[in-house]
Amino acid sequence: MDSDTAPSLQAAIESGNDAIVELILQSRANVVSMLKSSEKDILCLAAELGHVGIVQLLIERKADVDAEEEERGYTPLIYDSMFGHVMTARCLLENRADINKCDASGKSPLFYAARYGHLDVVGRCSTFIKP
């Protein structure tokens with residue numbers, strides 16, 4: 001991602017502005033390479049903030065639903081589980097995010113949802129666990 005696009009895309013995601021995110025993504029030919037920022041994966045950022053529309057836009061443009069942050073290994077679904085974003089969790093799960101993918105310390109999205117008391121996310125995640 002070029003030096004002008006990365007901060008612009010990150011700022012649009014942080015503000016929750018779906019339309020601007022879409023315009024930025026449309027303006028670049030190599031969208032997949034734009035999905036990383038210097039701080040964290042762009043999909044992780046959108047999931048952390050609970051922006052379901054932006055999460056869906058990024059997934060439609062081939063963002064990796066199981067992308068991990070380098071340092072802690074957090075995935076978009078782990079962020080949703082930590083912050084109680086049930087709609088973004090649902091979107092990720094419906095797009096085949098791995099419910100069993102753990103972070104660097106071995107903790108799963110279900111662990112974080114339970115730890116932070118997000119019953120609705122625990123319920124949503126539980127429906128995707130295969131026996």
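What Kirkwood hydrodynamic radius, in Å, does the chain give when the mean of 1/r is taken over all pairs of distinct Cα atoms and then inverted?
Taking every pair of different Cα atoms in the chain, averaging 1/r and inverting gives 14.6 Å.
Using unit Cβ charges (K, R positive; D, E negative) and no other charged atoms, how large, in debye to the nearest 20, is the dipole of the stretch 5-126 about its Cα centre?
It comes to approximately 160 debye.
Coordinate-derived values only; no laboratory data. Remember, predicted model here, so these are calculated numbers, not experimental data. Reconstructed Cβ throughout: ideal geometry from the backbone, glycine too, with neighbour counts over all protein chains shown.
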